């Protein structure tokens, strides 16, 4: 008799519109949401690359637009304040976020604050938003963060030198517009790092203790696409199939972890990113193999399946040996796509271990990790990557 499946919830309020050239559908989608005035949110990079102009051109003359393109990496909460200040007098009734996770996170938070009282900092934590925000259309230009699907906006408070998350089903975009053409100009190094971010989302959701059948299926599909196409997307930036695969992989992984949370890699990524300004995808890539190796005893069968997804021959191996192959598979992928950074390159030293580990232990991703770490365990994992 099979084991009884534990109760779970799965909710996906975001509609997905996918396809090469899907940006052309933007005016129709805005009108379907009742939008008459749009705020387009981006960062200086997507603005310089002409992608904000492409959004404005797609909207044409029928939908008046104002833009806010000053979103920085690891965005400060003050970016949300500035966007709200711009949008309110103009009566913006739809927000369009284009870019990576930072731009989409800020766009989502601006939408929330156009209908909810107070300041975005008041909503730090889980489930504190009371009213649906102004509709948001999220348009990713990288294949990693999954912000176009998630309940989370991750923001910084520079004055306190800390990050905080806004988590609510009411923070999800109304529409995720997935156009692989918008990812074609992404440089190889960013393609690599954001691809490992997507992989970490799928993998940590898959092995953690709140995994469930729907999220598991999504995680497996996401990892299958990444195994097939991340190397190609890095080596052949113009490969349309690889770009489409990676964009779908990122979105599908986000759908998985939206319901399950993540694990120890992401618990570590928050303090490491805050303290040493390591790009999020890169810090995930640094920590992922070591955390996988540490977590193996907590989910041997799942790690063996990951090895199989990544093409490792496991038929004649013990379960332990097969699980170990998952770590070597990811290490090989990192090597192939040119990621070999270490924490020490960003200024981290032995003296920082205790503070970073203590901060990581506070994360809500630790309780769902497949193996429960001690402070010393985390310090050992960090020390290995200095």
Of all residues in the stretch 66-101, which are in contact with a helix residue (DSSP H, G or I) (Cβ under 8 Å, 6 or more places away or on another chain), surrounded by fewer than 18 Cβ atoms within 10 Å (Cβ to Cβ) and farther than 25 Å from residue 280 by Cβ?
-> 66
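Can you find even one residue in the stretch 307-314 that is part of a helix (DSSP H, G or I) and without any contact (Cβ under 8 Å) to a residue 24 or more places away in the chain? First the steps, then the outcome.
Filtering the stretch 307-314 for residues part of a helix (DSSP H, G or I) gives 307-309.
Next, only the ones that are without any contact (Cβ under 8 Å) to a residue 24 or more places away in the chain stay: 307-308.
There is at least one residue in the stretch 307-314 that is part of a helix (DSSP H, G or I) and without any contact (Cβ under 8 Å) to a residue 24 or more places away in the chain.
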Here are 192, 202: which of them is crowded, with 23+ Cβ neighbours inside 10 Å and closer than 19 Å to residue 267 by Cβ?
-> 202
Condition check for residue 63: in a loop (DSSP other than H, G, I, E, B), in contact (Cβ under 8 Å) with a residue 12 or more places away in the chain, in contact with a strand residue (DSSP E or B) (Cβ under 6 Å, 6 or more places away or on another chain) and over 30 Å from residue 363 (Cα atoms) = yes
For the stretch 25-60, name all the residues that are surrounded by 11 or more Cβ atoms within 10 Å (Cβ to Cβ), in contact with a helix residue (DSSP H, G or I) (Cβ under 8 Å, 6 or more places away or on another chain) and more than 23 Å from residue 102 (Cα to Cα).
-> 27
For the stretch 112-129, name all the residues that are touching a helix residue (DSSP H, G or I) at 6+ places or on another chain (Cβ under 8 Å) and closer than 18 Å to residue 82 by Cβ.
-> 112, 113, 114, 116, 119, 120, 121, 123
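Is it fair to say residue 144 is more than 22 Å from residue 66 (Cβ to Cβ) and in contact with a strand residue (DSSP E or B) (Cβ under 8 Å, 6 or more places away or on another chain)? If you could, list the steps in order and put the result at the bottom.
Numbers: more than 22 Å from residue 66 (Cβ to Cβ): yes; in contact with a strand residue (DSSP E or B) (Cβ under 8 Å, 6 or more places away or on another chain): no.
The answer is no for residue 144.
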Residue match in the stretch 359-375 (condition: farther than 20 Å from residue 205 by Cα and buried (at least 19 other Cβ atoms within 10 Å of the Cβ)) | yes
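Only the coordinates and a few stated rules stand behind these numbers; no lab work does. Since the structure is predicted, the reported quantities are computational estimates derived from the model, not experimental observations. Because the Cβ atoms are built from the backbone with ideal geometry, glycine has one as well, and the counts that use them run over all protein chains shown.
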